[in-house]
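Only one structure is covered here, and it is reproduced in the block below.
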Ligand SMILES: C[S@@+](CC[C@H](N)C(=O)[O-])C[C@H]1O[C@@H](n2cnc3c(N)ncnc32)[C@H](O)[C@@H]1O
């Protein structure tokens, strides 16, 4: 039997998990919530704040649900409509999710838990302006006709999962985006950015969270 991921506390007080499969942490140990806000909320959602009222997001790797939770809070706070689709190959169980402290730290634990207890494979209205669909499966096998404004590319690091950072996968991400859509990642490795450029993205280097000098925003369609 596979061991479940283990909870640890990161430096900003928020939890993260250590994966026994990949021997890697789900977030920065310098601060899970801090990293998620800088990389996905600030570099991702905020990019469209003044130009779009409805934003479609695809997340690679649902994991703890932290990015989905922060996005939902952002939607409520900013009165935006979010369509949030996510994929996960190794879902954590509901009992483990109940022990994570994101909901308590974010002031809405029932909303956080709802992301874990709601059914997979169907569109759910978590709140009226947050439409959510989680799909269990491997990204390698994903087939969809949906397209998105923002991709949260939140795979484990290239050294842990090299195939997920290969050109064929990043091309697949490019094709999932609408014109002028963006992909955001905590990774700023040169090889990653070169591959993004090769598949057609323009790259922006943005300041990272504690412990990380830069993060990456890749923009489709205006090279
Ligand atoms: C770095 S963690 C990020 C988790 C998540 N975004 C969060 O905030 O907790 C990467 C996630 O991708 C999942 N994953 C790994 N390989 C995958 C694959 N081939 N297809 C889909 N999900 C995968 C892992 O199980 C893990 O939950």
query: Any chance segment 79-99 includes a residue that's part of a loop (DSSP other than H, G, I, E, B), more than 24 Å from residue 151 (Cβ to Cβ) and more than 13 Å from the chain's Cα centre (by Cα)?
result: yes
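Name the strands (runs of 3 or more DSSP E) wholly within segment 104-169 that hold at least 1 residues that are touching a residue at least 60 places away in the same chain (Cβ under 8 Å), over 20 Å from residue 17 (Cβ atoms) and within 15 Å of the ligand (Cβ to nearest atom)?
130-136, 148-153
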- line: Flagged in segment 63-98 as over 14 Å from residue 114 (Cβ atoms), away from the ligand (no atom under 14 Å from the Cβ) and surrounded by fewer than 16 Cβ atoms within 10 Å (Cβ to Cβ), in numbering order, are 77, 78, 79, 81, 95
- line: The number of residues in segment 16-37 that are at pLDDT 95 or above, near the ligand (Cβ under 8 Å from one of its atoms) and not in a strand (DSSP E or B) is 4
task: For segment 38-49, indicate whether the set of residues that are under 24 Å from residue 118 (Cβ atoms), within 14 Å of the ligand (Cβ to nearest atom), free of Cβ contacts under 8 Å to residues at least 40 places away in the same chain and in a loop (DSSP other than H, G, I, E, B) is non-empty.
output: no
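The values are calculated or read from the model by the stated rules, or taken from the named source; none is laboratory data. This one's a predicted model, so the numbers in the text were calculated from it and none came from an experiment. Here Cβ is always computed from backbone atoms with ideal geometry, including for glycine, and neighbour counts include all displayed protein chains.
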